[in-house]
Structure formats: structure tokens, C-alpha cells
1. What pairs come out if I take residues in the stretch 60-72 that are free of Cβ contacts under 8 Å to residues at least 12 places away in the same chain and pair them with residues that are of a type outside the set (Gly, Ala, Ser) and part of a helix (DSSP H, G or I) whose C-beta lies under 7 Å away, six or more apart or interchain?
2. Are there any pairs, at least 6 apart or on different chains, whose C-beta atoms fall under 7 Å, with the first in the stretch 83-110 and under 22 Å from THR121 (Cα atoms) and the second of a type in the set (Phe, Trp, Tyr), and if so, which?
3. Going by the structure shown, is ALA51 in contact with a helix residue (DSSP H, G or I) (Cβ under 7 Å, 6 or more places away or on another chain), modelled with pLDDT under 90 and either part of a helix (DSSP H, G or I) or closer than 25 Å to LEU103 by Cα (or both)?
4. Name every residue in the stretch 77-128 that is farther than 27 Å from ALA40 by Cα, β-branched (Val, Ile, Thr) and either surrounded by 10 or more Cβ atoms within 10 Å (Cβ to Cβ) or at pLDDT 85 or above (or both), in order of residue number.
5. Are any residues in the stretch 27-76 open to solvent by less than 30 Å² (accessible area, probe 1.4 Å), farther than 18 Å from ALA89 by Cβ and not acidic (Asp, Glu), and if so, which ones?
6. I need the full set of residues from the stretch 9-20 which are of a type in the set (A, V, I, L, M, F, W, C) and either modelled with pLDDT under 85 or open to solvent by 60 Å² or more (accessible area, probe 1.4 Å) (or both), in order please.
7. Need pairs with beta-carbon distance below 6 Å; first residue closer than 16 Å to ASP45 by Cα and within the stretch 1-12, second open to solvent by less than 70 Å² (accessible area, probe 1.4 Å) and assigned to a loop (DSSP other than H, G, I, E, B); sequence gap 6+ or separate chains.
Amino acid sequence: HAVNLSQRGCPKAALSAARLLVSLDRSDPTSMLLWFDVLALRADDPGAILAIQDYVPAASHLPGWGLSRALALFRIANATTDTVQTRNATAQLDNALLAFPELLPTVLSPAVAASASALLTGWASRFGA
């Protein structure tokens with residue numbers, strides 16, 4: 001239901017439905033954690049990502065969660081214009097890419113800058129990706 005609500009253009013209602021499902025059972029039998037980060041970002045509620053990760057520690061083992069947490073921290077830092085928060089967000093992005101190096105080509109492929117291709121080549125030569 002939460003995904004259907006999101007597809008119908010109701011991101012906040014979808015996030016509320018996802019929160020309800022996750023709060024009913026932390027073992028996540030409906031696999032709502034796979035969608036929760038996306039729903040929270042669509043609903044413009046980055047704090048939900050940070051809060052649910054403390055509530056359900058298993059979420060940090062999903063590759064998308066590392067990137068979503070970094071994006072949530074960047075959004076919070078931009079809202080407050082806090083340089084410490086920006087450094088925390090950058091560190092979180094670094095940690096996510098170190099934990100899941102297979103995400104680097106996906107993250108860099110939309111980049112148009114010439115330095116992105118040099119970085120991708122350097123990453124492949126160092127880590128064999």
C-alpha cells in the first residue's frame with residue numbers, strides 16, 4: 001500500500017504507511033525497509049532515515065541506505081548551512097562507498113565532469129572494480 005500511495009503522488013502518506021508497517025514488526029516481513037529510504041526522501045523527511053536507522057539497525061546493511069543516509073545528512077546540512085553537518089555527510093558518503101564499492105560506478109555514471117571518469121578509472125585500477 002505504501003508504494004502504491006507513493007506512485008499516486010502521496011509521498012507523506014506513503015511514508016506514514018511505511019512507518020506503521022515497520023513499527024508493527026522490526027523483522028520487516030513485508031520488506032518495507034527496501035523502500036523506506038526512498039519514501040522518506042520523496043516525502044522530504046530526511047530525519048526519518050536517521051531515526052529509523054536507530055530503531056532498526058539491520059537497515060545499515062543495505063547498500064541504498066548508506067547513500068540515502070548521506071543524502072539525508074546533506075539535505076539537513078543545506079537547511080541549516082552548518083559546515084560540521086556537511087563534513088558529517090561527506091564522511092557518511094565516503095563510508096557508504098567504502099562499505100559498498102560496487103556503488104561507485106552507479107554514483108559517478110551520471111556525472112558529466114571529466115574528473116569523474118578519471119576518478120572512476122583510478123578506482124577501478126586500485127580496487128579491481
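The values are calculated or read from the model by the stated rules, or taken from the named source; none is laboratory data. All values derive from a computational prediction rather than experimental measurement. Glycine gets a Cβ as well: all are built from the backbone with ideal geometry, and neighbour counts include every protein chain shown. All accessible areas refer to the heavy atoms of the entire protein, side chains included, with ligands and DNA or RNA removed. Shrake-Rupley method; radii C 1.70, N 1.55, O 1.52, S 1.80 Å.
1. SER60/GLN53
2. Pairs that qualify, where the first residue is under 22 Å from THR121 (Cα atoms) and the partner is of a type in the set (Phe, Trp, Tyr), are PRO101/PHE127; LEU104/TRP123.
3. Working: in contact with a helix residue (DSSP H, G or I) (Cβ under 7 Å, 6 or more places away or on another chain): no; modelled with pLDDT under 90: yes; either part of a helix (DSSP H, G or I) or closer than 25 Å to LEU103 by Cα (or both): yes.
When the stated conditions are applied, ALA51 does not pass them.
4. Filtering the stretch 77-128 for residues farther than 27 Å from ALA40 by Cα gives 112-128.
Imposing the further condition that a residue be β-branched (Val, Ile, Thr) reduces the set to 112, 121.
Selection gives THR121 alone.
5. MET32, LEU33, PHE36, LEU39, ALA43, VAL56
6. First, pick out the residues of the stretch 9-20 that are of a type in the set (A, V, I, L, M, F, W, C): 10, 13-15, 17-18, 20.
The one that is of a type in the set (A, V, I, L, M, F, W, C) and either modelled with pLDDT under 85 or open to solvent by 60 Å² or more (accessible area, probe 1.4 Å) (or both): LEU20.
7. Matching pairs, first to second residue: PRO11/ALA43; LYS12/ALA43.
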